Amino acid sequence: MSDSRTLTPLKYLGDLDYSVVQQCMHCGMCLPACPTYLETKKERNSPRGRIALMRSIADGNLEVTKEFGEEMYYCLGCLACTTACPAGVNYPELFENARAEVEYHGVLFNPERRFWRWLTLDQIFSKPWMLRAVGRLLWLYQVSGVSWLVRKSGILLLAPRNLRELEPSTPVVQRRFSDELIRESEGPSVTRYRVGLLTGCVQDLVFPDVNRATADVLLENGCEVTTPRSQGCCGSLHAHNGDLDQAATRARDLLDRFDLSSLDAIITNAAGCGSHLKHFSNLLKNDPEYASKATEWDGKVKDISEWLVEINFRKPEKASGSGSVKVTYHEACHLCHGQGISSQPREILKSLPGLEIVELENATHCCGSAGIYNITQPEQAGKLQQEKVACLKKTGASLVATANPGCHLQIQNGLGESAEVVHPVSLLADAYRNEKHS
Amino acid sequence: MTLLKSRNVSLLERLSAVVADGDLLTESEDLIPYGFDGTAAMKNAATCVVTPRNVDEVAAIVKIADAAGVPIVTRGSGTGLSGGSIPVDGGIVLCLVNMDQIIELDPANLTILCETGVITKAIDDAAHPHGLFYPPDPGSMKISTIGGNVANNSGGLRGLKYGVTRDYVMGMEVVLPSGEICWLGSKCVKDVAGYSMKDLFVGSEGTLGIITKVLLKLVPRPKARRTLLASFDSMEAAARTVSQIIEKQIIPCTLEFLDRKTCGCVEDYAQVGLPTEAAAVVLMESDGPESVVEDEGNAMAAIAEANGAINVEKAKDDAHATRLATARRTAFSALARIRPTTILEDVTVPRSRLVEIVSYVEEVGRKHRLEIATFGHFGDGNVHPTILTDETDKEEMERVEHALSDIFDKTIELGGTITGEHGVGLAKKPFLDRQFSEASYQLLKQVKIALDPKGMLNPGKIFDLPASIDS
């Protein structure tokens, strides 16, 4: 392997602090937590197996190969292994650098993949205006009847297979995005805190109401809310897909939009974004202009449920005569594993009148959404979705609370009409509204 | 080289004919992750990995390997801590994780029969609804396979009262190095027909046969348990407490010890409220009828207090008790937070000598300028001195070797054993002859030669044989 051939120099895995690679002591505690290992029972599909491959590459004993690339993209990046790991291995950093290495070496190159990566990572999700323009077009497509026509006409048969299969599960884009629902600055009657609000990308287009609910709940708890205009993707999508340079650009763009010194916290309501947003300092550690700002940023980013519990949010008053609705809670991977936030969303749910909380079996297991995994690995994603849906149905709950747009869509697609998926903060906002009406 | 390659090609062809697609792995990316187990600083490349689905496939693989003269290393989940399942040069790795069926739970005879790829915890989970209990609980029980447990005669946190894996093995199916399949043992509580052959295979570390099924004994599930956490300002006081509990003829199910460093790491990971300031913490658990656990709990608390315990605290409830025991199981892995390489030992001494070995380990750490954390199953006299080091630092690794050598010599001097539950494998092979007399050391080898004359199964583990046999 390494003896006779000259290896292409490494850009990412070679630069990593070796202690990060060495941290895994291969005890195997991660194996029972890993969805892909449980599926195949092959070591390469496990966290310690993947780390062994990364280490072999860093040590010069293995080249960056197509097989390695495929393995890195078979990993969901759900981070269940980090919760299971007593040794404290920094798997997110290893995983992001490994995928970046795969892209840098181009081992998975094919023209179609290149085109989709260019369109999504380099264009749509790198340019806030373009994201909104695409959102607007999608909305038009969905409301104008063209989508109905397209489905009926069979024209999709001409489209590439994965596009054809995805079309029916395309999220429904809303007419008005966050900037139209939330003013740049909104204040409560008495200001206790000043916070910035992140509107996200998918959240902004598909669930702007969750952003509005987040602002409402913050206002209700004495937070002055600043929502900078035209925010784009935070770069989590790029970082998770091997484009660390573009992720750094997105991070700088976001840092420029907030005046950190005037804010007590930066609030996010999307788990996948939050677990990325809290690590800007790592992404920008070699950028002298932004490094210190990024560190300050990391300390201020809070998931909405984390922040609400921290400031001891006001529990809504009991509405009279409300019946009992069963709700269950699915833990988004990047909330429970990525940020260690598990009890806070439940605390919010517990505070709500008229709700009975039913615990979900395997609540922390990945639903298969995993960023864009359901697009890149539909088969494995589908299996996990089925398992999740089966557990959800066992609870008999008519409401499923979860705090990440990806999970929200994946679960709603899996459940169909049988239950409604909702962000915990939307339920809290509703409860506050009901107080006023009753 | 060409000859070796062509020999491999025909070997792979023959193997692929007996297992399903996807059950024979040959690509580098597939093999690298099978180059190690849970042991620090040890790895070796596998030539191929085969993951059979039933005993006939195993037997066919063994026959093919025998004909080709290629050795086999059997493994389960690869959580071993002595390098026992590390591949041998040019050998086949036979991984049994796909043989994971529980075949029969017999509540009338209190037994369970399963394939050896079944996860240890799954056995107790299956027993639970019947009011039954499978006590052996090695630290890795959530992922270790029962086959690996049997082959290493694994212990765990409950060894003190309930014994080790061996005490539960009633029978087994074994594939011999020739490829013959044989059954040993029975469901009978008494069975003295012939040599107790099954016992020969328990703890044989894959060197004598490939265990494909095991028949295990189950016991009634204890009705109640009481968990206490006592903290001390010296390791000696903790060790003395444990020795006195045993001396007073109290046999709780668990008497676990953690030093300050271990407590700090475990608490850092698990956040279960372990005292991180005390020099030593003892986790005590009594199980059985309600009245017994009450009495034992009080008696143990009194002994701890008499030995100057700073604090003795009761677990709040069952869930808290489980969290404490679960956290304790992560001790070894959690210690990896401090230094890059974590070398774990499992020397065991007669329980009356605990204070001596614990003090000696501290002394060795000072002498060789090494960071050593100690935890372990004090109730069994089983201590886990864990050296926190860096395998890339050659000079420090030399000091590690000296420290290990000192600890083993002292253990043997105290009438102890160099391994209580991890097995010899590769890690303790160089030290085994110190513990054995020449006659007993030779006896080990004679058994191996009698059962596996060609050295087909896991050669080079436990001891080396003369080259003529080993190759």
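Laboratory data are not the source of any read-out in this text; all were calculated from the coordinates shown. Quick caveat, the model's predicted, so the values are computed rather than measured. No Cβ is skipped: glycine too gets one built from the backbone with ideal geometry, and neighbour counts run over all protein chains shown.
Miscellaneous remarks
- Simple rule: put +1 on each Lys or Arg Cβ and -1 on each Asp or Glu Cβ in chain B, find the dipole, and look at B:THR322, B:GLY78, B:SER440; the Cα lying farthest toward the positive end is B:SER440.
- Flagged links, alpha-carbon separation over 18 Å, of A:LYS326/A:LYS393; B:LYS43/B:LYS454; B:LYS161/B:LYS248: B:LYS43/B:LYS454
- In plain terms, the chain from A:TRP148 to A:ALA291 could stretch by 46.6 nm, reckoned as 0.36 nm per residue minus the Cα-Cα distance.
- Nonlocal amide H pairs with A:GLU420, under 5 Å, H built at 1.01 Å: A:LEU399, A:VAL400
- A simple spin-label model places the labels of B:ARG221 and B:ASP393 4.8 nm from each other, with each point 7 Å out along Cα-to-Cβ.
- A:ARG136 versus A:LYS394: modelled label distance in nm, points set 7 Å from Cα along the beta carbon direction: 4.8 nm
- Using the Cβ-Cβ distance between B:GLU294 and A:ILE372 with R0 set to 56 Å, the FRET efficiency from 1/(1 + (r/R0)^6) comes to roughly 0.50.
- Reported to the nearest whole Å, the Cα centre-to-centre distance from the stretch A:91-105 to the stretch A:259-308 is 22.
- Computed helical MRE - 222 nm, chain B, DSSP H runs ≥ 4 contributing -39500 (n - 2.57), nearest 500: -11000 deg cm²/dmol
- The ranking of A:ARG194, A:ARG114, B:ARG366 from fewest to most other beta carbons within 10 Å of each one's beta carbon is B:ARG366, A:ARG114, A:ARG194.
- Loop trypsin sites (Lys or Arg not before Pro), the stretch B:393-423, which have at most 12 other Cβ atoms in a 10 Å radius of their Cβ (DSSP): none
- The alpha carbon centroids of the stretch B:244-312 and the stretch B:101-117 are separated by 34 Å.
- Within the stretch B:223-333: Cβ-based charge dipole about Cα centre, in debye rounded to nearest 20 (Lys, Arg +1; Asp, Glu -1): 220 debye
- Cα-based shape type of the stretch B:322-388, given that a ≥ b ≥ c are square roots of the gyration tensor eigenvalues and the cut on a/c is 1.5: oblate
- DSSP loop GluC sites (Glu not before Pro) with at most 15 other Cβ within 10 Å excluded, longest remaining stretch of chain B: B:278-471
- Spatial separation of Cα centroids for the stretch B:410-445 and the stretch A:352-423, in angstrom: 54 Å
- Cα gyration tensor, the stretch B:223-333 - rounded (a/c under 1.5), prolate or oblate: oblate
- Taken along the Cα-to-beta-carbon direction at a fixed 7 Å, the label points for B:LYS190 and B:LEU432 span 3.6 nm.
- Each Cα pair under 8 Å and six or more residues apart adds its separation to the average, and for chain B the resulting relative contact order is 15 percent.
- Residues in the stretch B:274-286 carry Karplus couplings, in order, of 6, x, 9, 8, 5, 6, 8, 10, 10, 9, 10, 9, 10 Hz; the curve used is 6.51 cos²θ - 1.76 cosθ + 1.60 with θ = phi - 60°, and Gly or Pro positions show x.
- Cα gyration tensor shape of the stretch B:105-179, rounded if a/c is under 1.5, else prolate or oblate by comparing a/b with b/c: oblate
- Once backbone amide H atoms are built at 1.01 Å from N, B:GLY171 has B:LEU215 as its partners under 5 Å, excluding neighbours fewer than 5 places away on the same chain.
- Amide proton proximity set for A:LEU355, modelled H, under 5 Å, gap of 5+: A:VAL325
- Annotation: the residues A:VAL301, B:VAL192, sorted from fewest to most other C-beta atoms within 10 Å of their own C-beta, follow the order B:VAL192, A:VAL301.
- Applying 1/(1 + (r/R0)^6) with r as the Cβ-Cβ distance of A:VAL172 and B:LYS314 and R0 = 41 angstrom yields a FRET efficiency of 0.15.
- Here is the list for the stretch A:175-271: GluC sites (Glu not before Pro) lying in DSSP coil, each with at most 14 other C-beta atoms within 10 angstrom of its C-beta, are A:GLU184.
- A convex hull fitted to the Cα coordinates of chain B yields 152 cubic angstrom per residue.
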